[in-house]
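Quick notes on the structure that follows.
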Amino acid sequence: MVSEVERATAQGEVYYSEGNIEAALIAWQAVLPLAPNDAQLLANIERAQRILDKVKTLKQGDPNENR
């Protein structure tokens, strides 16, 4: 039987591969309390958060860009 953590991890990976990073992050964070020491889950969350942070920075633009 597949655990809730495994199911959410797999669903998050589908979202991630489709480019839906926010949905992936939500799926992974939802089960983090069930497996707070799961190395793969933690790595997925960190990777997704890093990408979202980079996208946010790019959307804000470089303040030195028009100099």
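The values are calculated or read from the model by the stated rules, or taken from the named source; none is laboratory data. All figures in this text were calculated on a predicted structure; none of them were measured in a lab. Ideal geometry is used to build each Cβ from the backbone, glycine not excepted, and the neighbour counts take in all protein chains shown.
Can you tell me which residues in region 26-62 are exposed (fewer than 14 other Cβ atoms within 10 Å of the Cβ), among the small types (Gly, Ala, Ser) and within 17 Å of Glu6 (Cα to Cα)?
Ala39, Ala43
At pLDDT 95 or above and surrounded by 12 or more Cβ atoms within 10 Å (Cβ to Cβ): does that describe Gly19?
no
So Arg67 fits all but one of (1) among the charged types (D, E, K, R); (2) at pLDDT below 95; (3) surrounded by 11 or more Cβ atoms within 10 Å (Cβ to Cβ); what number is the exception?
Evaluating Arg67 over (1) among the charged types (D, E, K, R); (2) at pLDDT below 95; (3) surrounded by 11 or more Cβ atoms within 10 Å (Cβ to Cβ) leaves (3) as the failure.
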